[in-house]
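The values are calculated or read from the model by the stated rules, or taken from the named source; none is laboratory data. Since this is a predicted model, take the numbers as computed values, not measurements. Please note: Cβ atoms are built from the backbone with ideal geometry, for glycine as well, and neighbour counts cover all protein chains shown. These accessible areas exclude ligands, DNA and RNA; they are computed on the full protein's heavy atoms, side chains included. Shrake-Rupley method; radii C 1.70, N 1.55, O 1.52, S 1.80 Å.
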Amino acid sequence: MTKTPSKPKAAMWMACWLSLMLVLTVAGREGMRELNVFQLMEVRSALGLLLLCPLILAQGGFHVVKTARFAQHAARNLIHYGAQLGWFFALTLIPIGQVVAIEFTMPIWTAILAASFLGERMTPWKVAAIVLGVVGVVVIVRPAMGAINPGQLIALGAAVGFGISMAMLKSLTRTESALAVIFWMLVVQSIAGLFPALYVWTWPPAHTWGYVAVVAVCGTFSHYFLARAMQYADATVVVPMDFLRVPLTAAAGWLIYAERLDMFTVLGAALILTGNLLNLKPARPVPVPAPT
């Protein structure tokens, strides 16, 4: 945190984050009624770059996003790009509340990868979080009942991709600024999606461009609001506020699309969120041996 702690201000910025994420989810589904997912992602990345350029210039120019770790940026953002493709595609296949519930397994995959490759400690709370998250996914997907929807598997694959991306991001932020991370994300994804988008390109109706613009604005600035919230409160205060996205998205799906969530999804989401709450518990400090 760099500002005076203030839970009300953190809650205000998190309310902005939640609002943009809800709007992004609905706009993404509506946009994909007329657009291919590659088109949506390409236009979202290109518009995001245009929106980011004034901020880069205000910080002193493009030298602020110079990097010596382009290979790591490219690898991380290609994985993130694939996860985003899966997330948007899943929105068209299963209820949006279910997509977001499965998405919340992402911190669990991040914890596993961070412990495996970044040397972070695997505490008993993290182990319990992983177990609850896996059980929650099994409850939602219900493989034993033979009723697995491909959209559920795609959403789960996207969550794993987001987890890998987040673990790689943790490594990048040790040397890279947030502005550089966002800039290279948009550059890599614009390049990666250009030819697939051109291959499937069809001109959508005029009103669809409005949804695409909303996706670009929300996708670019939602992370700014999240970062602002982190300036006023610890992650252990801010992150649980994001859990409101599960019931709020489910409510939006019910009000806008008449989607009803069954008890399996509600129970699975509760297990996943409980696991995430356990994952936020601080680890006990490692005892330092007394000097001899």
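Among the residues in segment 66-77, are any of a type in the set (A, V, I, L, M, F, W, C), crowded, with 17+ Cβ neighbours inside 10 Å and in a helix (DSSP H, G or I)? Outline the logic, then answer.
Kept after step one, since they are of a type in the set (A, V, I, L, M, F, W, C), are these residues of segment 66-77: 68, 70-71, 74-75.
Keeping just the survivors that are crowded, with 17+ Cβ neighbours inside 10 Å gives none.
Within segment 66-77, none of the residues are of a type in the set (A, V, I, L, M, F, W, C), crowded, with 17+ Cβ neighbours inside 10 Å and in a helix (DSSP H, G or I).
Given 12, 32, which one is over 30 Å from residue 62 (Cβ atoms), in contact with a Leu (Cβ under 8 Å, 6 or more places away or on another chain) and either at pLDDT below 90 or not acidic (Asp, Glu) (or both)? Spell out how you get there, then give the answer.
Values: 12 fails: in contact with a Leu (Cβ under 8 Å, 6 or more places away or on another chain).
Within the list 12, 32, the selection yields 32.
If a residue must be closer than 14 Å to residue 38 by Cα and either modelled with pLDDT of 90 or more or touching a Leu at 6+ places or on another chain (Cβ under 7 Å) (or both), how many such residues does segment 201-212 contain?
Of segment 201-212, the ones closer than 14 Å to residue 38 by Cα are 201-204, 212.
Filter once more, keeping what is either modelled with pLDDT of 90 or more or touching a Leu at 6+ places or on another chain (Cβ under 7 Å) (or both): 204, 212.
Total meeting the criteria: 2.
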Which one of these does residue 265 not meet: (1) open to solvent by 50 Å² or more (accessible area, probe 1.4 Å); (2) in contact with a helix residue (DSSP H, G or I) (Cβ under 8 Å, 6 or more places away or on another chain); (3) modelled with pLDDT of 75 or more? (1)
Any residue in segment 188-197 that is open to solvent by 70 Å² or more (accessible area, probe 1.4 Å) and over 20 Å from residue 77 (Cβ atoms)? no
Given (1) touching a residue at least 60 places away in the same chain (Cβ under 8 Å); (2) out of contact with any Leu (no Cβ under 7 Å at 6 or more places or on another chain), where does residue 63 come up short, assuming only one miss? (1)
Please find, within segment 244-259, the residue that is least open to solvent (accessible area, probe 1.4 Å) out of those that are more than 12 Å from residue 99 (Cα to Cα) and among the small types (Gly, Ala, Ser). 252
Screening 22, 55 for residues that are open to solvent by 20 Å² or more (accessible area, probe 1.4 Å), of a type outside the set (Asp, Glu), over 28 Å from residue 254 (Cα atoms) and part of a helix (DSSP H, G or I) leaves only 55
Evaluate the following for residue 41: is it in a helix (DSSP H, G or I) and open to solvent by 60 Å² or more (accessible area, probe 1.4 Å)? no
Take the residues of segment 149-172 that are under 11 Å from residue 76 (Cβ atoms) and among the polar types (S, T, N, Q): which is surrounded by the most Cβ atoms within 10 Å (Cβ to Cβ)? 165
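Looking at segment 168-189, which of the residues that are in a loop (DSSP other than H, G, I, E, B) and of a type in the set (S, T, N, Q) is farthest from the chain's Cα centre (by Cα)?
Looking only at segment 168-189, we keep the residues that are in a loop (DSSP other than H, G, I, E, B), and these are 173-177.
Still in the running and of a type in the set (S, T, N, Q): 173, 175, 177.
Numbers: 173: 16, 175: 21, 177: 19 Å.
Among residues in segment 168-189 that are in a loop (DSSP other than H, G, I, E, B) and of a type in the set (S, T, N, Q), the one farthest from the chain's Cα centre (by Cα) is 175.
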Among (1) at positive phi; (2) of a type outside the set (Val, Ile, Thr); (3) open to solvent by 70 Å² or more (accessible area, probe 1.4 Å), which single condition is residue 61 missing? (3)
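Restricting to segment 59-114, and then to whatever is within 29 Å of residue 29 (Cα to Cα) and of a type in the set (Ser, Thr, Tyr), can you tell me which residue is modelled with the lowest pLDDT?
To start, the set of residues in segment 59-114 that are within 29 Å of residue 29 (Cα to Cα) comprises 73-110.
Restricting the remaining residues to those that are of a type in the set (Ser, Thr, Tyr) gives 81, 92, 105, 110.
Values: 81: 92, 92: 88, 105: 79, 110: 72.
Restricting to residues being within 29 Å of residue 29 (Cα to Cα) and of a type in the set (Ser, Thr, Tyr), the top hit is 110.
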Out of (1) part of a helix (DSSP H, G or I); (2) surrounded by 16 or more Cβ atoms within 10 Å (Cβ to Cβ), the odd one out for residue 50 is which? (2)
Looking across segment 198-222 at residues that are outside any helix (DSSP H, G or I) and touching a residue at least 12 places away in the same chain (Cβ under 8 Å), the single one that is least open to solvent (accessible area, probe 1.4 Å) is 204
